[in-house]
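Accompanying notes for the structure given below.
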Amino acid sequence: MNMRTLGTLGIPVSPIMLGGNVFGWNVDEQTSFAILDRFADRGFNFIDTADVYSRWIPGNHGGESETILGKWFKRSGKREAVVLATKVGFDMGDGKKGLKAAYIKEAAEASLRRLQTDYIDLYQSHTDDTETPLEETLQAFNDLVQEGKVRVLGASNYTGRRLRAAEEVARNAGWERYQTLQPNYNLHTREQYEHDLAPVVAEFSLGVVPYFSLASGFLTGKYKSVADTGGKDRGSRVKEFFDDRGERILAALNTVTDQTGAKQASIALAWLLSRPNILAPIASATSTEQLDDLFAAADLQLTQEQLSLLSEAGRYDVAEQEPVMAGALPVE
């Protein structure tokens, strides 16, 4: 496994980022601990969560995932071995949302308590807040870095225009800037990232940590047809991927599976890892066995022909040239 580097600090991170959204949702505490133990024991160290995970579950209030991670850190003693990312900005109820300075500082302290740590390696704005001036948001983030509570800043769910504006604000003020971007990006979901965000990412050398990197399970091989999606949980969201492009993608994944023996999930993640500026795709696991596909992706080397086959199958306009996304991240 080749480690990659996060931000200007050059923090070594594993090429797969473990998604913590399932902790406290469809994975209980004991199973979460087992997944985290196995992930870390294999030398992987990059973990993502958010304060809002998993508020959408009846009876939950948000913070469940961070709380489980905090308990695991205390039990395992592995906090220093992990590069921890969390996020702020989504609605936590009772007016707790957005990116105003006072709320960012309040939310950061709450996350630190739940996580049982005194610093966050990567603190990300979970979604843009157009009602708050970028200057206010970025100064608050800069203050957290200066106080030693945050090491690196990142953004999620920004448009290219707003991401560029945030970069300019931070640079002009001499503040810490966003060094990562967390967008929705995978073999099927490509257009917005590649045309709107990738040029900004390349220009400012941002590291990209895509979410929905397996398209809610569509790219894992779990679903062979719309009938397999059922009507609950993630399956209901997978139906939208069963269009002509989706069928072409599944056929291409099957071809590469036949050629390599690798699982479809590993192949889809390896394709992402081949793209310029991708730091680490985010993928979650609900069992320790599912981690095997993530581990395999980190070492899977696809040929240029295989990568081209996948890219062509997932092209959203077959008459259109693929966009140029120059400026790949350094790999240790």
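Summary of values
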| item | result |
| --- | --- |
| Residue in the range 164-198 that is surrounded by the most Cβ atoms within 10 Å (Cβ to Cβ), counting only those that are in contact (Cβ under 8 Å) with a residue 40 or more places away in the chain, part of a helix (DSSP H, G or I) and of a type outside the set (D, E, K, R) | Ala198 |
| Any hit, the range 266-284, residues being assigned to a loop (DSSP other than H, G, I, E, B), over 19 Å from Leu36 (Cα atoms) and modelled with pLDDT under 95 | no |
| Failed item in (1) buried (at least 19 other Cβ atoms within 10 Å of the Cβ); (2) in contact with a helix residue (DSSP H, G or I) (Cβ under 6 Å, 6 or more places away or on another chain), with Asp48 passing the rest | (2) |
| Cβ-Cβ under 9 Å pairs, at least 6 apart or on other chains, the range 12-41 side farther than 13 Å from Thr286 by Cβ, far side acidic (Asp, Glu) and surrounded by 17 or more Cβ atoms within 10 Å (Cβ to Cβ) | Val13/Asp121; Met17/Asp48 |
| Considering residues of the range 201-243 that are at pLDDT 90 or above and farther than 24 Å from Ala270 by Cβ only, the residue surrounded by the fewest Cβ atoms within 10 Å (Cβ to Cβ) | Glu203 |
| One residue from Gly43, Gly7, Gly63 being under 20 Å from Asp121 (Cα atoms) and touching a strand residue (DSSP E or B) at 6+ places or on another chain (Cβ under 7 Å) | Gly7 |
| Filter result for the condition that a residue is in contact with a Pro (Cβ under 9 Å, 6 or more places away or on another chain), farther than 19 Å from Lys87 by Cα and not basic (Lys, Arg), over Asn172, Asn186 | Asn186 |
| Any hit, the range 137-153, residues being modelled with pLDDT of 95 or more and under 27 Å from Ser266 (Cβ atoms) | no |
| Considering residues of the range 69-94 that are modelled with pLDDT under 95 and acidic (Asp, Glu) only, the residue nearest to the chain's Cα centre (by Cα) | Asp91 |
| Tally of residues being touching a helix residue (DSSP H, G or I) at 6+ places or on another chain (Cβ under 7 Å) and not polar (S, T, N, Q) across the range 235-245 | 6 |
| Qualifying positions in the range 84-96 - surrounded by fewer than 22 Cβ atoms within 10 Å (Cβ to Cβ) and touching a residue at least 24 places away in the same chain (Cβ under 8 Å) | Phe90, Asp91, Met92, Gly93 |
| Count - residues of the range 51-65 that are crowded, with 22+ Cβ neighbours inside 10 Å, under 18 Å from the mean Cα position of the chain (by Cα), farther than 21 Å from Ser76 by Cβ and of a type outside the set (D, E, K, R) | 1 |
| Selected residue (criterion: surrounded by the most Cβ atoms within 10 Å (Cβ to Cβ)) from residues of the range 133-163 that are in a loop (DSSP other than H, G, I, E, B) and touching a strand residue (DSSP E or B) at 6+ places or on another chain (Cβ under 9 Å) | Tyr158 |
| Strands (runs of 3 or more DSSP E) fully within the range 17-99 counting 1 or more residues that are β-branched (Val, Ile, Thr) | 46-48, 83-88 |
| Residue tally, condition buried (at least 22 other Cβ atoms within 10 Å of the Cβ) and either free of Cβ contacts under 8 Å to residues at least 24 places away in the same chain or among the polar types (S, T, N, Q) (or both), over the range 100-132 | 3 |
| Sole exception among (1) outside any helix (DSSP H, G or I); (2) closer than 21 Å to Asp37 by Cα; (3) without any contact (Cβ under 8 Å) to a residue 60 or more places away in the chain for Asp292, by number | (1) |
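The values are calculated or read from the model by the stated rules, or taken from the named source; none is laboratory data. Note that the coordinates shown come from a computational prediction; the quantities given were computed from them, not determined experimentally. Neighbour counts are summed over all protein chains in view; Cβ atoms, including those assigned to glycine, are modelled from backbone coordinates with ideal geometry.
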